[in-house]
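See structure below.
Coordinate-derived values only; no laboratory data. Computed from a predicted model, the values in this text were never measured in an experiment. Note: ideal-geometry Cβ built from the backbone for every residue, glycine included; neighbour counts use all protein chains shown.
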Amino acid sequence: MRFMLFLLSALPAPMAGADSSGLHTLVIVPETPVVSVAPQPPERHLFQLPSLDYVIRVEARCRDEWKPESLSLNVADSRVLRTAAQLADSPDQQLEMQIPANQLAPLAMRDFCVIEDAREGSNAAEPSADGDDETARNLPETPEVTVRKLTTRELTISAALSAHASLRCSNGEEQKTVYVSQPLDVTLVCEIAEPRGESTGR
């Protein structure tokens with residue numbers, strides 16, 4: 001299920017999600033991906049994210065005679081699993097996850113990476129001096145694309161997604177599961193297009 005995320009105010013997210021209650025420890029430390037995005041039309045306020053690649057370091061530790069049975073990490077509709085055999089060598093794991101764009105809800109944003117139609121002063125639709133004026137007037141105009149605000153080239157969105165992890169530990173007689181959640185950030189870099197049709201000395 002996809003929900004629309006409205007960005008009202010950015011709250012600082014903790015660096016890591018951790019649960020060390022009782023005997024067991026589960027810590028997840030995500031890295032923030034940086035993705036390039038294309039400028040949007042000014043009337044379009046819903047911003048669709050591209051696929052996101054996350055690298056998440058996990059410490060999954062069962063204490064004393066308890067042994068790890070499984071580790072699960074979920075982001076959106078994507079999931080990564082580690083079995084007991086994979087966790088036996090080391091409690092420290094580095095998990096890589098790619099979140100497809102179709103699992104990401106659109107963001108409602110204004111004044112970031114927008115374009116505008118710079119028709120004023122443009123000669124893109126002027127009729128040819130030696131051509132048919134009526135035909136030239138009927139040709140579709142080709143707008144010049146310029147970036148509205150250069151100061152919004154890069155933007156970090158706090159808590160764009162959430163990671164949910166669980167660690168199951170067993171002592172041979174019973175099992176216990178530790179849960180932890182962690183907000184995930186993403187940094188967007190606007191692919192600023194060079195204005196077209198600019199001329200000098202005219």
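If packing is taken as the average number of other Cβ atoms within 10 Å across a peptide's residues, how do 82-92, 174-184 rank, most packed first?
Packing proxy ranking, top to bottom: 174-184, 82-92.
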Virtual spin-label span in nm between Arg110 and Ser181, 7 Å along Cα→Cβ: 2.9
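What is the extension gain from Val34 to Asn171, computed as 0.36 nm multiplied by their sequence separation minus the C-alpha to C-alpha distance, in nm to one decimal? Don't skip to the end; give the middle numbers.
On the way: separation 137, 0.36 × 137 = 49.32 nm, distance 4.14 nm.
Once the chain is fully extended between Val34 and Asn171, it gains 45.2 nm.
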Extension reserve of the Asn74-Glu96 stretch, reckoned as 0.36 nm per residue once the Cα distance is removed: 6.8 nm
If you add up the charges near Arg57, with Lys and Arg at +1 and Asp and Glu at -1, over every other residue whose beta carbon is less than 10 angstrom from its beta carbon, what do you get? -3
Rel. contact order, % - alpha carbon contacts under 8 angstrom, at least six apart, the range 61-113: 28
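Between rounded, prolate and oblate, where does the range 40-84 land on the alpha carbon gyration tensor, with a ≥ b ≥ c its root eigenvalues, rounded for a/c under 1.5, else prolate if a/b exceeds b/c?
Prolate is the answer for the range 40-84, as a/c is 1.5 or above and a/b outweighs b/c.
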